Structure formats: C-alpha cells, structure tokens
Amino acid sequence: MGARISKDIPGRFSGMGPFLLVWSGQAVSLAGSAAVRFAFIVEVWASGGSATSVTLLSLCAMLPQAVFSPFAGAIVDRMTKRGALQVADIGGLLVVGTLAALHYLDAFHAWQVYPATVLLGICAAFQFPALSSAVPLLVRKDQLDRTNGLLAGAKSAAGIGGPALGGLLVALFGIGPTLLVDVASYAFALVGIRIVRFNGDRVPEKDAAAPRRRITADAAEGLRYLFRVPGLRELIINFCVVNLVMVFGFAIISPMVLLRAGNGALAAVNTSVGVGGVAGALLMAAWGGPANRGRGMMLGIVGMCLSALVVMSMVRGVPGWCAAILVGALLMTVVNASMQTIVQTKVPHDWQGRVFGAVMFLSQISVPVAMAVSGPLADHVFEPLAARDSGLFALIGPLVGHGRGSGMAAMLLLAGIGGTAVALWGLASRSIREIDTLLPDLDTPREPAGDSENLGGERDEVRA
C-alpha cells in the first residue's frame with residue numbers, strides 16, 4: 001500500500017530560499033556601503049578636515065534619507081517592489097561607480113564625497129520601504145518576525161564588519177579599490193533581486209477616471225494613514241516619543257565613554273552594539289518573536305531603556321558598558337522587527353511603501369533634533385552642575401558617580417527613566433497592548449500555503 005507525504009505543515013524556515021537570496025545580496029551591499037562610508041570619513045579627514053567636516057558628512061547621509069523617505073515610499077507604491085529595490089541598488093551603484101571613475105581618471109577631490117553622500121542617502125530612502133514591503137511577497141506571514149530580525153541583523157553585522165573592511169582596504173589599497181568593492185556589492189545585490197520571483201508583485205491598479213495624484217500628496221497620505229488608524233496612531237506616537245528620548249540619551253554615550261575611558265573603550269562599546277544586533281537577529285530567527293507583538297514591543301523598550309541607558313549610566317568600566325549596551329541592542333532588534341511586522345500585517349500592501357516611508361521619516365527626523373539639543377546641554381548644563389556637585393547631583397551623584405563624564409551619565413539616567421515611563425504608558429494602553437487582536441491582520445499578497453518553495457515558487461511534494 002502506498003503512502004503519500006505532503007508538506008502541508010510548514011517548517012519554520014521552509015520556503016525562505018527566495019528571501020534568503022535577496023537578503024544575502026542586501027547584506028553584502030550593506031557591508032560594502034559601510035566600508036565606503038568609513039573610507040569617506042578617512043578621505044575627508046586626510047584632506048585637512050575637522051570634526052565639523054566629519055559631522056557634516058554624517059548629516060549629509062542622514063538628513064536626505066529622513067526627509068526623502070515619505071516621497072520614496074510614495075514612489076515605491078507606484079512600482080513593483082522588484083523595480084523599487086533595483087532603483088535603490090542601481091542608484092547606489094551609479095553614484096559609487098562615478099566616484100571610482102573620477103578616481104581612476106585623476107579627477108577625484110574630497111569635496112565630491114559630500115554630494116555623493118547626499119545621493120546615497122536618497123538611494124537608502126528607497127531601500128527601506130522597498131525591502132520592507134517586499135518581504136511579505138517572499139515569505140509566509142508566520143515567518144515575518146524571523147525575516148525582519150534577519151534584516152536588522154544584517155545591518156548590525158555590516159556595522160561591525162564594514163568599517164573594519166573599509167579601514168583595511170583603504171590602508172592597503174587606497175580609496176579606489178574600496179569604491180570598486182562597493183560597486184561589486186551593489187551588483188551582487190542586483191543579481192539576487194533579478195533571479196528571485198516576487199509572488200504577487202505588481203503595479204497597483206489605478207482608476208482611469210481618477211486624476212493622477214502628485215507624489216507630495218501620496219507622501220503625505222502615508223503619514224495620514226498612520227495617524228487615522230486606531231492602534232497604529234497610538235503605537236506610532238508612543239514609538240516616536242520613545243525614539244526621541246532614547247536618541248537624546250544615545251547621542252551622549254560616545255562622548256561619555258571617550259571622556260571616561262578613551263578611544264579603545266569606545267571601539268569596544270560600538271562593537272558590542274553590533275554584536276547585540278546580530279544576537280538579536282539570531283534570537284528572532286530561532287524564536288519567531290513575541291506572540292503578542294504590542295505587549296512584546298513595549299516590554300522590549302522597557303528593557304532597552306533599563307539596560308542601554310539606566311544601567312549604562314550607573315556601571316563603571318568597559319565590561320559593564322559593553323554588557324549593558326549589548327543587551328539593549330539585542331532588544332532593539334526584537335522591537336524593530338516587531339514594529340515592521342505590525343505594519344506588514346495591518347497595512348494594505350498597496351500602502352506599505354508610503355507607510356514605511358512615513359515610519360522612517362518619523363523615526364529618523366528626531367535624530368538631528370536630539371543630537372543638536374543633547375550636546376549643548378551636556379557641555380553647558382549637566383557637566384558644570386556635576387563638577388560643582390550642585391542641584392540635581394546632590395540626589396543622583398551617588399548613582400552616576402563623580403568626576404568627568406558624570407554629567408553625561410546623569411543625562412543617560414534621566415533619558416532611561418523617561419523612556420521607561422513612556423513605554424509603561426504604552427503598555428497600559430489597551431490599543432497598543434492588544435493591537436494584534438483589536439486591529440485584524442490583512443491578507444498578505446503571497447499565497448500562505450505551507451509548501452516548501454523553490455525560487456520559482458512551485459509546490460514540492462514527496463510521494464512514496
């Protein structure tokens with residue numbers, strides 16, 4: 001008598017081959033881009049730059065990505081997701097390839113790094129909404145948390161390996177070969193995108209009688225969508241407030257560590273951030289994320305604030321700092337992956353580009369604001385108060401210590417307490433805590449069948 005074994009009950013990772021191919025290409029591209037960003041810093045500094053010029057380079061990367069994200073999201077929703085991903089990678093390839101050509105033609109100058117960084121920031125603005133909205137086309141709904149964790153882990157791994165690769169390449173070969181390595185990484189990412197099938201990928205249908213909307217109007221619609229849907233509205237408000245408070249604290253970690261322990265300590269702390277992110281990705285891949293995403297996110301944020309801010313402000317020495325920031329980075333990966341999955345499952349697919357663009361804008365626009373405020377407060381308010389051991393430091397001095405850097409440690413402590421309070425407020429809100437049940441999941445565009453799939457997506461059965 002014959003028996004038929006059908007793969008109707010899917011495994012945790014079955015059918016993820018197409019995603020893993022795209023993911024590997026994006027991971028390589030992220031590492032190449034991180035190497036080039038480090039090379040840009042070296043080039044600007046070697047040409048007689050200053051701390052201000054390096055800071056300006058960071059702003060050239062961050063501000064265009066934040067400001068352009070809503071418009072990029074609107075454009076993504078007018079294209080196939082494969083096409084949008086190709087736009088991001090082809091744009092980066094052309095920018096870096098042009099710099100490489102200028103270098104080998106002896107026409108490269110340090111000032112060209114700044115406009116190139118702006119253009120790369122605009123390309124990055126396309127990548128996040130395009131990739132985030134493409135993921136539901138590549139995996140089953142129950143795999144979204146795992147895949148979002150892997151994406152976050154790739155970014156963390158690039159943050160560890162990219163600067164090391166960039167430093168090695170620049171030291172051994174100069175900026176020209178470093179640029180060529182990044183060109184090759186973009187090409188590798190494009191190959192993965194081209195050979196993978198994106199199930200259900202299509203250009204959204206438009207009403208022929210309706211007037212064509214402007215990109216600016218569509219970009220604004222992404223923000224409006226977030227704020228008019230109950231549950232998403234409360235979640236994004238909480239998320240933005242927490243992000244502002246936490247960035248205010250995180251901006252102070254580097255100068256505090258430098259002031260208290262020097263360059264080697266800062267390198268160890270930054271490495272721990274990347275290691276924590278990779279560990280969080282592996283945890284998400286094995287675990288699959290919290291069953292209740294709203295509650296899990298808020299508890300994760302509480303843990304982030306307590307470890308990466310409160311404990312970071314109170315412990316002494318490099319091992320304690322590294323352990324605290326590693327736990328915070330691990331939890332951050334879980335929180336960000338859960339946030340992406342909520343959008344992917346609660347927002348119609350035709351809206352996801354705009355909504356992810358709005359999320360990127362709201363999460364990143366707070367960074368320059370917090371950095372602009374935290375530096376002057378540290379230099380002119382908290383450090384002088386700590387030196388005099390007056391005011392607030394009469395109470396918290398025993399917690400954060402005394403001496404240089406204790407004023408910034410107090411800022412970390414206050415930011416951690418504030419972020420924890422906001423997260424607990426979110427945990428007390430039923431619309432956030434129970435968003436998974438109050439806001440039903442929408443059908444994903446990919447067939448949710450439990451079959452294992454090859455790159456073409458055919459059904460795979462075993463008969464005996």
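The sole residue among 299, 309, 330 that is touching a residue at least 60 places away in the same chain (Cβ under 8 Å) and buried (at least 24 other Cβ atoms within 10 Å of the Cβ) is 309.
Contact annotation: residue pairs with Cβ atoms under 7 Å, 6 or more positions apart or on different chains, pairing a residue in segment 80-104 that is in the same structural domain as residue 181 (by TED's automatic domain parsing) with a partner that is among the charged types (D, E, K, R), are 80/201; 80/202; 81/201; 82/201; 96/182. Which of the residues spanning segment 312-327 are over 22 Å from residue 155 (Cα atoms) and either in contact (Cβ under 8 Å) with a residue 40 or more places away in the chain or not assigned by TED's automatic domain parsing to the domain that holds residue 393 (or both)? Across segment 312-327, the qualifying residues are 312, 313, 314, 316, 317, 318.
Residue 267 - would you say it is in the same structural domain as residue 407 (by TED's automatic domain parsing), in a helix (DSSP H, G or I), more than 17 Å from the chain's Cα centre (by Cα) and farther than 26 Å from residue 421 by Cα? So residue 267 fits the description; yes. Summed over segment 104-135, the residues that are under 17 Å from residue 93 (Cα atoms) and hydroxyl-bearing (Ser, Thr, Tyr) give a count of 3.
Considering each residue of segment 361-388, count those that are modelled with pLDDT under 80 and among the basic types (Lys, Arg), and give that number. Of the residues in that region, 0 qualify. In segment 307-384, counting only helices (runs of 4 or more DSSP H) that sit wholly within it, the ones holding 3 or more residues that are of a type outside the set (Val, Ile, Thr) and in contact with a Gly (Cβ under 6 Å, 6 or more places away or on another chain) span 318-346, 352-364. Would you call residue 198 crowded, with 18+ Cβ neighbours inside 10 Å and under 28 Å from residue 346 (Cα atoms)? Judged against the criteria, residue 198 is a match. Do we have any residue at all in segment 412-434 that's surrounded by fewer than 17 Cβ atoms within 10 Å (Cβ to Cβ), of a type in the set (A, V, I, L, M, F, W, C) and part of a loop (DSSP other than H, G, I, E, B)? No, segment 412-434 contains no residue that is surrounded by fewer than 17 Cβ atoms within 10 Å (Cβ to Cβ), of a type in the set (A, V, I, L, M, F, W, C) and part of a loop (DSSP other than H, G, I, E, B).
The rows are residues; the columns are (1) within 16 Å of the chain's Cα centre (by Cα); (2) basic (Lys, Arg); (3) in a helix (DSSP H, G or I); (4) surrounded by 17 or more Cβ atoms within 10 Å (Cβ to Cβ).
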{"residue": "60", "(1), (2), (3), (4)": "no, no, yes, yes"}
{"residue": "82", "(1), (2), (3), (4)": "no, yes, yes, yes"}
{"residue": "88", "(1), (2), (3), (4)": "yes, no, yes, yes"}
{"residue": "96", "(1), (2), (3), (4)": "no, no, yes, yes"}
{"residue": "113", "(1), (2), (3), (4)": "no, no, yes, yes"}
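The values are calculated or read from the model by the stated rules, or taken from the named source; none is laboratory data. Treat the numbers as computed from the prediction; the structure is a model and nothing was measured. Note that we place each Cβ from the backbone using ideal geometry, even for glycine, and neighbour counts take in every protein chain shown.
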